[in-house]
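Below is one structure, written out as structure tokens, with a few remarks after it.
The values are calculated or read from the model by the stated rules, or taken from the named source; none is laboratory data. Predicted model, so just to flag it, every value in this text is computed and none were measured. Cβ sites come from the backbone with ideal geometry, for glycine too, and all protein chains shown count toward neighbours.
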Amino acid sequence: MLKRTFLSAAGAAALALILAPSAIAQAPKLRIGVEGNYPPFSMIAPDGKLGGFDIDIANAICAEMKAECVFVQQEFDGMIPALNAKKFDMIVASMTITEARKKSVNFSDPYYDVPSRFVAKTGAFADHSPASLKGKKIVVLRNSPRAAYLAENYKGSEIVLAGKETEVYMELAVGRADVAFGSSVVSAEAFLKKPEGKGFAQLGPAIRIGAGSGVGIAVRKDDEALRTRINAALAALKSSGRYKALADKYFDFDISGS
């Protein structure tokens, strides 16, 4: 009888272990919309793994919220429709906070803010004023705040639209545009420091579009609870120094926008 009681207890314990969810299984999953084609913020390594500042920030936020990140790659143009269709729960894809986008989604506090720069052949233009670039082709990422800025301020120039930020500089390199307009960081890191960027340079001073808006994490309009948690996680990362440690892997200047 004693032996039978012992086996029954052992079996119950084993069954409990099998049925009990693990710590990982209990962690809620957060699906993160990312692009993978915006170095050094989001890129795909030769081994196929996602990396970059956006990816690191997303992982750090998930860890702070005790959640498991599940990355979902998405073309940038379709990010907001995919979010609202519940393909993922939030967007961490270097999305600039704009009034137009805030009509469709809500944003977290900014997690970085860098200025824009023009890029052209070294010495080709004295400055980047509309007068200097009149009649010239300027390539920029389509459906972006920079494209809207050019349309408003460079009416005498021909605006060439590219599908990805990296394509902006490819179009410039092969001569399909005279000037490129994009992120100061991406132009420096993903183009000017590469062989294809030889003979090109940033033109004129940096430009801030919609100063104070910055880049945020987008969530659905009805997901205010998630936005609150993201903001708390970002604040914790910054106050603890973990944000700076992540940023220092990629940048030798402050990108926080503080």
Being assigned to a loop (DSSP other than H, G, I, E, B), in contact with a helix residue (DSSP H, G or I) (Cβ under 8 Å, 6 or more places away or on another chain) and more than 25 Å from LEU83 (Cα to Cα) is the filter here; which residues of region 216-253 pass it?
LYS249, TYR250, PHE251
Yes or no: region 52-67 includes at least one residue that is within 29 Å of PHE191 (Cβ to Cβ) and in a loop (DSSP other than H, G, I, E, B).
yes
Of all strands (runs of 3 or more DSSP E) completely enclosed by region 131-185, which ones contain at least 3 residues that are surrounded by 23 or more Cβ atoms within 10 Å (Cβ to Cβ)?
137-141, 179-183
Cβ-Cβ under 8 Å, sequence separation 6+ or interchain: first residue in region 129-141 and on the phi > 0 side of the Ramachandran plot, partner buried (at least 16 other Cβ atoms within 10 Å of the Cβ) and at pLDDT 95 or above. Which pairs?
GLY135/SER157
Answer yes or no as to whether ALA177 is modelled with pLDDT of 95 or more, of a type outside the set (Lys, Arg), out of contact with any Ser or Thr (no Cβ under 9 Å at 6 or more places or on another chain) and more than 28 Å from GLY33 (Cα to Cα).
yes
For GLU35, work out the one condition from (1) at pLDDT 95 or above; (2) touching a Ser or Thr at 6+ places or on another chain (Cβ under 6 Å); (3) charged (D, E, K, R) it doesn't fulfil.
(1)
